[in-house]
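One structure below.
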Amino acid sequence: MKKIPFTKMHGCGNDYIYVNVMEHPIDNPAEAAIKWSDRHKGIGSDGLVLIDKSPVPEADFSMRIFNADGSEAMMCGNASRCIGKYLYEKTLPQKTLPQPLPVREGSGYQEAEIRLLTLSGIKNLYLHIVNNIVESVTVDMGEPVFEDETLFNPQIAKGLSTPLPHREGSGESLFVSMGNPHYVIFTDDIDQVGKTGPQLERHSAFPQRCNIEFATPLPSEGSGEAFRTRVWERGSGITLACGTGACATAVAACVTGRAGRTSQIVMDGGTLKIEWCEKDSTIGSQFFKKNHVYMTGPAEFVCDGEIEL
């Protein structure tokens, strides 16, 4: 057996095992994800993330993500932020890619941009850097999708059995795809996540299973509306945070009239700032695209190690 170096990281408690497969390839990542993610007999994580070179010139690097049950996810917002920090602090200071952008006037930090290829397209990562440390990352998560028959059947969804049944026009629940499919339910009983989440994940309304969010409004303090949100992730169960889920919650809150374009999503493991842009705009050196969703949050190293494959 060969030993594989790994790094464990988390974004708001959403923890994954990261492997640089440019140097240490893994033949069966689904099997490794199941074995290594075990919190009693393995490293313990929500899944396994592979960092590789990009096969296309439009991106700098690529990401593949495998959930704790071995299923492959299309995208993960928290993992993408962690990849940005990993690449910059462990790899990129010794290389020419990407070049740090000039310090923003009065901002006190530098920026660098990484283009990351995922199964749901290329995501732009904007790294906020202080003294060569990535303190936070903003990710362009792309545009939300509300209708996709490969992911969601609205006719079947009318019969969803939840404490707050889906009623057409009620605004109590909404399907939003942010690269991964999500079903957001607004309810005071967010702690039903462990009971209702697994039932809805595999409901026939979702042909490829679904991530389920339970959200309730919180008092806000001048930085947009805030929502306390708990998540059941397909393939992983209850997780402390979900980046695409936070984006889906913010978009659903805006569409249903519960929030404006900017929200703070407070999850079990921390808070993410989500902005759904109404028009093209430029702030400092970063260009924000109309209808794109931008997620900003931290990324943290936990430990480095080696594990047998």
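Computed from the coordinates by the stated procedures, all read-outs in this text should not be read as laboratory data. Worth saying up front: this structure is predicted, and the values here are computed from it rather than measured. Heads up, the Cβs are rebuilt from the backbone with ideal geometry, glycines too, and the neighbour counts pull from every protein chain shown.
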Quiz item: How far apart, in nm, are the 7 Å Cα→Cβ label points at R39 and T296?
Solution: 3.1 nm
Quiz prompt | For the chain, with +1 on Lys and Arg beta carbons and -1 on Asp and Glu, the positive-most of S220, I185, L151 along the dipole | solution = L151
Practice problem: Please give, to one decimal in nm, the separation of the simple spin-label points placed at N131 and K3, each 7 Å out from Cα toward the Cβ. | Solution: 3.2 nm
Quiz item: What Kirkwood hydrodynamic radius, in Å, does segment 1-88 give when the mean of 1/r is taken over all pairs of distinct Cα atoms and then inverted?
Solution: 13.0 Å
Quiz item: Efficiency by 1/(1 + (r/R0)^6): what FRET value for N28 and D148, r their Cβ-Cβ distance, R0 = 30 Å, to the nearest 0.05?
Solution: 0.50
Quiz prompt | Sum of -39500 (n - 2.57) over DSSP H runs of 4+, divided by residues of the chain (222 nm, nearest 500) | solution = -4000 deg cm²/dmol
Quiz item: Efficiency by 1/(1 + (r/R0)^6): what FRET value for D304 and R209, r their Cβ-Cβ distance, R0 = 35 Å, to the nearest 0.05?
Solution: 0.60
Quiz item: For K273, which aspartates and glutamates qualify as cross-link partners when the Cα separation must be under 20 Å and same-chain residues fewer than eight apart are set aside?
Solution: D15, E111, E113, E135, D140, E143, E213, E221, E225, E233, E300
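Can you divide the C-alpha Rg of segment 154-280 by 2.2 N^0.38 Å and report the result to two decimal places?
Expressed relative to 2.2 N^0.38 Å, the Cα Rg reads 0.97.
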Quiz item: With r defined as the distance between the Cβ atoms of T91 and D191 and R0 fixed at 45 Å, what FRET efficiency is calculated, to the nearest 0.05?
Solution: 0.65
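Among K8/K85; K41/K195; K8/K41; K123/K195, which pairs are too far apart, with a Cα-Cα distance over 22 Å?
Numbers: K8/K85 12 Å; K41/K195 26 Å; K8/K41 16 Å; K123/K195 33 Å.
Violating the 22 Å Cα-Cα cut-off are K41/K195; K123/K195.
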Self-check item: Spin-label pair Q155/Y109, simplified geometry with 7 Å Cα→Cβ offset, distance in nm
Solution: 4.9 nm
Quiz item: On average over all directions, what projected area in square nanometres does segment 243-309 have, based on the convex hull of its Cα atoms?
Solution: 7.1 nm²
Self-check item: Rg(Cα) / (2.2 N^0.38 Å) computed for the chain, rounded to two decimals
Solution: 0.97
Quiz item: If you build a Gaussian network model of the chain, linking Cα atoms that sit under 10 Å apart, which residue out of G47, G197, G269 swings the most?
Solution: G269
Quiz item: Who wins for biggest fluctuation among S71, S37, S204 in a Gaussian network model of the chain, springs between alpha carbons below 10 Å?
Solution: S204
Quiz item: In straight Cα distance, which aspartates and glutamates are under 13 Å from K158, not counting same-chain residues fewer than 8 positions off?
Solution: E168, E172
Quiz item: Of the residues E213, E225, E147, which exhibits the maximal mean-square fluctuation in a Gaussian network model of the chain defined by a 10 Å Cα contact cut-off?
Solution: E147
Quiz prompt | Stretch gain in nm, segment T256-L119, where the contour uses 0.36 nm per residue and the Cα spacing is subtracted | solution = 46.5 nm
